[in-house]
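Structure first, then comments.
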Amino acid sequence: MTQQAAALQTYNNELVKCIEELCSKREELNSQIKQEEEEKDRLQHDIRVLSEKLSRVNESLAQRLAARSTFDRTIAETEAAYTKILESSQSLLSVLKQEAGNLSKATEPRRKDR
C-alpha cells in the first residue's frame with residue numbers, strides 16, 4: 001500500500017501544482033481585465049468630452065455659415081443696387097449731354113445763310 005500512498009501523494013502534489021498554476025493564470029487575467037476596464041473608462045470619458053466639443057463646434061459652425069449666407073445675400077443685393085445706380089447714372093449723363101447739346105443749339109445766334 002505504500003506504493004499506492006506514494007502514487008496518491010504524487011497525484012495530490014501534481015493536482016495542487018495545477019490548481020496553483022490555474023489560480024496564478026486567473027490572477028494575471030484578472031489584472032489584464034482591470035487594466036482594460038480602466039482603459040475602456042478613459043476612452044468612454046474621452047469620447048464624451050470629444051462628443052460635447054464636436055457638438056459645440058457644429059453649433060458654432062452652423063451660426064457662422066448662417067452669418068456668411070447673410071453676408072453673401074447682402075453683398076449680392078448691394079452689388080445689384082449699385083449696378084442699377086451706375087446704369088441710371090449713365091442714362092442720366094447721356095440724357096444730360098443730349099439736352100445740353102440741344103440747349104446749346106437753341107441758344108446759338110441764328111445765322112442767315114441767304
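The values are calculated or read from the model by the stated rules, or taken from the named source; none is laboratory data. This one's a predicted model, so the numbers in the text were calculated from it and none came from an experiment. Cβ coordinates were reconstructed from backbone atoms using ideal geometry, including for glycine residues, and neighbour counts include every protein chain displayed. Accessible surface areas use protein heavy atoms only, side chains included; no ligands, DNA or RNA. Shrake-Rupley method; radii C 1.70, N 1.55, O 1.52, S 1.80 Å.
Can you tell me the accessible area per residue over the chain, all protein chains present, probe 1.4 angstrom, in square angstrom?
Spelled out: the 1.4 Å probe surface of the chain, per residue, equals 100 Å².
Tell me the angle of helix 2-107 to the major Cα principal axis of the chain, expressed in degrees between 0 and 90 and rounded to the nearest ten.
0
So what's the gap between the Cα centers of segment 23-37 and segment 76-96, to the nearest angstrom?
So the separation of the two Cα centres works out to 82 Å.
For E14 and I33, calculate 0.36 nm times their separation in residues minus their Cα-Cα distance, and state this gained length in nm to one decimal. Please list the in-between numbers first.
On the way: separation 19, 0.36 × 19 = 6.84 nm, distance 2.82 nm.
Additional length available on full extension: 4.0 nm.
Taking the radius of gyration and the Kirkwood hydrodynamic radius from Cα positions alone, what is the Rg/Rh ratio for segment 40-114, to two decimal places? Don't skip to the answer; put the middle values down first.
On the way: Rg = 32.5 Å, Rh = 18.7 Å.
Using Cα coordinates only, the ratio equals 1.73.
Farthest toward the dipole's positive end in segment 1-100, which of N12, A100, V57, given Cβ charges of +1 (Lys, Arg) and -1 (Asp, Glu) about the Cα centre?
Checked the options; the winner is A100.
Relative to the Cα centre, what is the charge dipole magnitude of segment 12-114, using +1 at the beta carbon of each Lys and Arg, -1 at the beta carbon of each Asp and Glu, and rounding to the nearest 20 debye?
On the way: 19 positive and 20 negative charges, 381 e Å.
The calculation lands at about 1820 debye.
Within straight cross-link reach of K25, meaning Cα distance under 27 Å, which lysines are found once same-chain residues fewer than 8 apart are removed?
K17, K34, K40
How much of the accessible area of the chain, in percent, comes from carbon and sulfur atoms when a 1.4 Å probe is used?
Working: 6360 of 11370 Å².
Using a 1.4 Å probe with all protein chains present, the chain comes out at 56 percent carbon and sulfur.
Cross-link partners among lysines for K97, C-alpha distance below 19 Å, same-chain residues fewer than 8 apart left out?
Partners within reach: K105.
Can you compute the modelled spin-label distance between K25 and A76, with each label point 7 Å from Cα toward Cβ, in nm?
In this crude label model, K25 to A76 measures out at 7.1 nm.
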